[in-house]
Amino acid sequence: MSVVRVRQHVNPLSEKYQAPVTTPDWDQVYANPQQPLHIDIGCGKGVFALAMAQLQPQWNFLGLEIRKPVVEAAQKRQQEAELTNLHFMFCNVNISLRALLESWGDQNPLQQVSIQFPDPWFKKRHQKRRVLQPDIVSTLAEFLPPGGRVVVQSDVEAVAMDMVERITENPHFQRQGTAWLPQSPFPAQTDRERASLEQGLAVHRAIFTRL
């Protein structure tokens with residue numbers, strides 16, 4: 001049996017990832033499309049979103065991921081779990097996030113966004129590939145309602161600091177406190193978070209509220 005090797009790092013600036021996603025009919029995606037929506041950007045295998053959807057059935061969850069084989073595996077898990085408040089999509093958020101949010105029209109239910117353990121892209125010349133760019137922050141500021149939250153987490157402090165600085169630059173967001181949060185605000189963990197904590201690594205977390 002052949003084994004498909006999934007790339008750990010995907011360059012979002014590559015031409016193959018520039019095509020905008022086709023927006024779905026949300027009434028067909030979710031059993032109750034007007035429930036509060038939590039978007040997990042860079043959802044990976046979907047471990048976190050799947051657990052959250054089970055723990056919080058009164059919320060809808062949307063996982064966005066740029067690696068197509070990983071998304072297909074996550075979609076299979078969602079179907080097996082028969083969860084009608086969870087959906088996964090293959091897309092480049094820097095290309096497609098605005099279109100996805102606009103597709104809700106006036107009924108946009110977005111309340112919370114998480115960006116957890118994103119690809120660090122350590123080299124200076126590669127940092128423009130990081131997922132959280134100013135346009136993403138501006139889009140979130142536009143579509144999140146007052147009181148809506150953006151939660152960022154990373155086990156690489158430099159990456160966490162970079163995300164904090166990106167969001168702080170936008171006047172529509174305010175950070176809750178100035179220190180890293182000692183615990184996650186969520187009742188579920190990503191697979192990377194679990195592995196990091198088991199290894200005794202520090203996880204750097206921050207929450208921002210839409211003013």
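Quick look at the values:
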{"item": "I167, I39, I95 arranged by Cβ crowding within 10 Å, fewest neighbours leading", "result": "I95, I167, I39"}
{"item": "Net charge contributed by nearby residues that have their C-beta within less than 15 Å of D106 (K/R +1, D/E -1)", "result": "-3"}
{"item": "Extension reserve of the D27-S103 stretch, reckoned as 0.36 nm per residue once the Cα distance is removed", "result": "26.2 nm"}
{"item": "Sparsely packed trypsin sites (Lys or Arg not before Pro) within the range 135-211, loop by DSSP, other Cβ within 10 Å at most 11", "result": "none"}
{"item": "Rg/Rg_ref, the range 50-182, where Rg_ref = 2.2 N^0.38 Å and atoms are Cα", "result": "1.10"}
{"item": "Cβ-based net charge around A141, under 11 Å, with every Lys or Arg adding one and every Asp or Glu removing one", "result": "-2"}
{"item": "The range 29-210: antiparallel DSSP beta bridges as a percent of all, rounded to 5", "result": "30"}
{"item": "Under DSSP loop assignment and at most 14 Cβ neighbours within 10 Å, longest GluC sites (Glu not before Pro)-free interval of the chain", "result": "83-168"}
{"item": "Extreme residue, positive dipole direction of the range 29-210, given options P145, L181, A158 (C-beta unit charges)", "result": "A158"}
{"item": "Estimated dipole of the chain in Debye, rounded to 20 [Cβ of Lys and Arg +1, of Asp and Glu -1, Cα centre]", "result": "740"}
{"item": "Potential extension, E72-Q58 segment - 0.36 nm per residue separation minus Cα distance", "result": "2.6 nm"}
{"item": "Debye, to nearest 20: dipole size of the range 161-211, +1 on Lys, Arg Cβ, -1 on Asp, Glu Cβ", "result": "160"}
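Read-outs: derived from the displayed coordinates by stated rules, not from any lab. In this text, all values refer to a predicted model and were calculated from it rather than measured experimentally. Cβ coordinates were reconstructed from backbone atoms using ideal geometry, including for glycine residues, and neighbour counts include every protein chain displayed.
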